[in-house]
Amino acid sequence: MLNLQTTISNSALLKKRVKQVCLDAIDLSDESFKISSDNLFFSGNKSSSDNSLSNLTNLSNLALSIRLTGLINPIVLREIDDKYIVVSGFKRVSAMRSIGMRETPASILSHLDFDKDKTYDFRFYEVQSALIAISDNAFSRQLNVMEQARGVRLLKRFCSSYDIAQNSPAIFNVNMGESLINMLDDIANMPLSLHELIESDKLSMSSALKFKQYGYDKSLIESFATLFSKIKCSLSKQKEIITNIHEIAAREEISASDLIESKEISQILDSQSDNCSSNVNDENQKANLIRSILFNRRYPNLFKAKERFSNNLKMLNLNSGMKSDIKLDPPADFEGRDYTITLKFSTVEELAKKANILSALTKNPLFGDITD
Amino acid sequence: MKIETLFIDRAIRPCEEIDYIIQSTSLEPEYVENSKVVYDHVNLSDDPITKGKQTLYITENHGAVIKKCPGTSHYTCCDYTILHTGTFCTMDCSYCILQAYFHPPLLQYFVGQHKIDAALDEIFKENKTFRVGTGEFTDSLIWDKISNQPAKLVRKFADQARARSRSSNNNFSILELKTKTVNIDSLKDIDHNRKTVVAWSLNTPKVIKSEERGTASLSARLKAAKECERWGYRVAFHFDPIVIYQGCEEDYKEVIKSIFEGVRVDKNVDSSSDGVIKQSLGILPESIVWISIGTFRFMPQLKQIIENRFPKSTIAYGEFITGLDNKMRYFKPLRIKIYQKIVSFIRQYAPDVLIYFCMEDEEVWQKTIGFFPKKEGQLGAMLDRSVMERCKAC
Ligand code: SF4
């Protein structure tokens, strides 16, 4: 493992020279040092088609800005043979190309000793480049989780989590603990489809980490990615869905993929909304329907008991007339014995009337059934 | 699990008790000035729980030797008294609460028989029955392999009863050795005066195989219980944790049948067997002081430990809800259903044996056994009565 402090103190060995570079000579397909998200400016609530639209808009804004004020910060490149790869500035290169620019000033990295001494430790060069790629972004705006994860992955090839955590304020512009570094590395090593979900706020990092905890392989994670790409729910509900799928599958000795791809769940996922504009709502509804199916299968007896209780409650007709201000709640999960009645009133007369209703309720055999 | 490292607290004077352990483990001890070295050895390993099972620390108990069982709110407690002689276990049950209880999890043996004797003498003086157990923070008989502590305790309780019989105090206390091992050799020739109850936690072969790593098989446990009964000991059984799975009722029925009708002992399941398939006799109901039953319940933080250490286990994936004491418990109707079955199976063989629930509420008692020891101490008094009836000297 390399020591980051040593690497930083060796930064003098890194040579930077600014020169004009032909934009066509830059190989954008090499994303080895790419940190920033394509959908950087996206709002989390946008669908993927909204995202690509937004992406184009933001890219053209950047292009307009470059046309108006010129390139404020030169891009950083590494020279490989007669080509360049980007260390920092992917978006700027795309923006400049989009407005027909042919050349740009760029900072070219190379190692001072590289040509002289073939035995020099190439890893220094890699780590230095990674540090530039991360810091260039981290000190101009706050990195999102996936950007941090990609940064961590670049460094983890050569440095320990402890070392990265210790130096995190200088690299990521934020204090990070060792365990967070490990988590980010785990996330970075997960399939790209999951990265997209995390970036578009459809899946939280901690939900995604459950896949690691359960030791899921790539194909299983892909099944979950498909599921979460079609629904939208809060962090706690995401975790509930993942946990219930895992536990049902383990208990029933089936694969989690088979459960996700079962007819019952697929039908919900693939159902089309009548109203295109209610897509978010639709995704929320799908999530709730799936949660209900999973809860029923995970807790069949509890589910039945809850259903029975609400059916009985309906038959008691507590929603009509004066009764509608009387609310009956069972003990949590029917474990305790205490039922709760909440009663609203504004005058003594009203209270007396409702007391009579309550008294009549206690004589209703259905009420006895409920509380038995 | 084999003990691989032996640490000894340097503050403890060399004594016979320690020599015995060193000899039985055949390990080169490392003497330490303070426990931090030991804790680091465990905590800094990749799997501290496994490491804690392989690391024995001989030290002194700096806390209370005798403790009241903490019980749990909202559920009936049996008023047990804990004799704190050691911690953790060399066996490895997925559901073991001790994995989450100790920080760090560490096998500790507390030397100082004189301290234990003094604490016991104090309770023996009281005109009261104490049910004292060493199986709360450890398995009572794992220690039998490396120390003579269990045997010493058996003698201590036997003598207390003799001293009392000479006084006007008719009450006596008993020792319960609770185990999943068959380490009973040292109990064989002791004049125990019937003041020790040897108790086994029982489960179905399916649960033993999947969840109780390194424990004795069901048939071996029952064979050992029969042996203890032959030596004049009273025995007890704990169906705890009862695990609910498809077909569990039939399986628990078979276990109960094996207790009372005997077990087939064959070489596949019993390494102590000579290879000949035999039928051992069942336990007589009058030899059983009590049978406790309790379904699996766990502190929420145990779930992740089980998932990490026993990825194949599905024990935590039953229909659990959060109980009133914040532990996870099976949905109550499921508990009641399995309890009703198990109680009726036991009753077929042993109508008079005291059956009690560990940590259950009034509804469960009423719907299963038909009464509820409502008053504080009532369950304890029932157990004491069973002691007085069944543990009189032979
Ligand atoms: S035998 Fe008891 S103490 Fe030992 S691991 Fe199993 S549950 Fe824990």
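The values are calculated or read from the model by the stated rules, or taken from the named source; none is laboratory data. Because the structure is a prediction, the values reported are computed rather than measured. Backbone-built Cβ (ideal geometry, glycine too); neighbour counts: all protein chains shown. The area values use the complete protein model at the heavy-atom level, side chains included, leaving out ligands, DNA and RNA. Shrake-Rupley method; radii C 1.70, N 1.55, O 1.52, S 1.80 Å.
A few comments on the model shown:
- Check on B:Asp46, assigned to a loop (DSSP other than H, G, I, E, B) and either at negative phi or modelled with pLDDT of 95 or more (or both): yes
- Within the range B:47-83, being within 16 Å of the ligand (Cβ to nearest atom), over 25 Å from B:Pro300 (Cα atoms) and not hydroxyl-bearing (Ser, Thr, Tyr) holds for B:Gln54, B:Leu56, B:Leu83.
- Residue match in the range A:347-355 (condition: within 14 Å of chain B (Cβ to nearest Cβ) and either modelled with pLDDT of 85 or more or over 30 Å from A:His246 (Cβ atoms) (or both)): no
- Just one of the numbered conditions (1) closer than 30 Å to B:Glu319 by Cβ; (2) open to solvent by less than 50 Å² (accessible area, probe 1.4 Å); (3) not aliphatic (A, V, I, L, M) is not true of A:Asp282: (1).
- For the range A:205-215, the criterion of being more than 14 Å from chain B (Cβ to nearest Cβ), of a type outside the set (Ser, Thr, Tyr) and either open to solvent by 60 Å² or more (accessible area, probe 1.4 Å) or under 30 Å from B:Val243 (Cα atoms) (or both) is satisfied by no residue at all.
- Where B:Ile97 falls short, out of the listed (1) touching a helix residue (DSSP H, G or I) at 6+ places or on another chain (Cβ under 7 Å); (2) surrounded by 21 or more Cβ atoms within 10 Å (Cβ to Cβ): (2)
- Residues that are at pLDDT 95 or above and within 14 Å of chain B (Cβ to nearest Cβ) number at least 1 in the following helices (runs of 4 or more DSSP H) confined to the range A:220-271: A:235-252, A:256-260.
- Of everything in the range B:179-200 that is crowded, with 21+ Cβ neighbours inside 10 Å and within 16 Å of the ligand (Cβ to nearest atom), the residue that is nearest to the other protein chains (Cβ to nearest Cβ) is B:Lys180.
- Only one of the numbered conditions (1) over 14 Å from B:Gln108 (Cα atoms); (2) in contact with a Pro (Cβ under 8 Å, 6 or more places away or on another chain) is not met by B:Phe88, and that is (1).
- Out of B:Thr5, B:Thr90, one residue alone is within 16 Å of the ligand (Cβ to nearest atom), β-branched (Val, Ile, Thr) and either open to solvent by less than 20 Å² (accessible area, probe 1.4 Å) or at pLDDT 90 or above (or both). It is B:Thr90.
- Test: A:Met101 is at pLDDT below 95, part of a loop (DSSP other than H, G, I, E, B) and over 30 Å from A:Phe228 (Cα atoms): yes
Yes or no, residue by residue, for (1) open to solvent by less than 50 Å² (accessible area, probe 1.4 Å); (2) within 30 Å of B:Gly262 (Cβ to Cβ):
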position: B:Phe320; (1), (2): yes, no
position: B:Phe331; (1), (2): yes, no
position: B:Val343; (1), (2): yes, yes
position: B:Pro351; (1), (2): no, yes
position: B:Phe372; (1), (2): yes, no
position: B:Gly377; (1), (2): yes, no
position: B:Met382; (1), (2): yes, yes
position: B:Arg385; (1), (2): no, yes
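- Residue in the range B:132-144 that is more than 16 Å from the ligand (Cβ to nearest atom), away from chain A (no Cβ under 14 Å) and not in a loop (DSSP other than H, G, I, E, B) present: yes
- Identity of the residue in the range B:73-87, more than 17 Å from B:Asp361 (Cα to Cα) and open to solvent by 10 Å² or more (accessible area, probe 1.4 Å), that ends up farthest from the other protein chains (Cβ to nearest Cβ): B:His84
Rundown of residues vs (1) hydrophobic (A, V, I, L, M, F, W, C); (2) closer than 28 Å to A:Val76 by Cβ; (3) not in a helix (DSSP H, G or I), yes/no style:
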site	(1), (2), (3)
A:Leu109	yes, yes, yes
A:Leu131	yes, yes, no
A:Met190	yes, yes, yes
A:Gly215	no, no, yes
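- The condition of being within 11 Å of chain A (Cβ to nearest Cβ), open to solvent by 30 Å² or more (accessible area, probe 1.4 Å), without any contact (Cβ under 8 Å) to a residue 12 or more places away in the chain and within 21 Å of B:Lys206 (Cβ to Cβ) holds for only one of B:Lys312, B:Lys337, that being B:Lys337.
- B:Leu98 being within 16 Å of the chain's Cα centre (by Cα), away from every other protein chain (no Cβ under 14 Å) and within 11 Å of the ligand (Cβ to nearest atom): yes
- Counted residues, the range B:106-131 - those being open to solvent by less than 10 Å² (accessible area, probe 1.4 Å) and within 16 Å of the ligand (Cβ to nearest atom): 3
- In the range A:214-253, the residue that is farthest from the chain's Cα centre (by Cα) out of those that are without any contact (Cβ under 8 Å) to a residue 12 or more places away in the chain and under 17 Å from A:Leu203 (Cα atoms) is A:Ser236.
- If the condition is being more than 13 Å from B:Lys188 (Cβ to Cβ), away from the ligand (no atom under 16 Å from the Cβ) and of a type in the set (Lys, Arg), then the range B:214-235 contributes B:Lys223, B:Lys226, B:Arg234.
- In summary, B:Asn203 fulfils each of the numbered conditions (1) more than 17 Å from B:Ser292 (Cα to Cα); (2) part of a loop (DSSP other than H, G, I, E, B); (3) within 16 Å of the ligand (Cβ to nearest atom) with the single exception of condition (1).
- Restricted to the range B:281-306, and to residues there that are assigned to a strand (DSSP E or B) and not polar (S, T, N, Q), the residue that is surrounded by the fewest Cβ atoms within 10 Å (Cβ to Cβ) is B:Gly294.
- Of all residues in the range B:350-370, those that are at pLDDT 90 or above and outside any helix (DSSP H, G or I) total 12.
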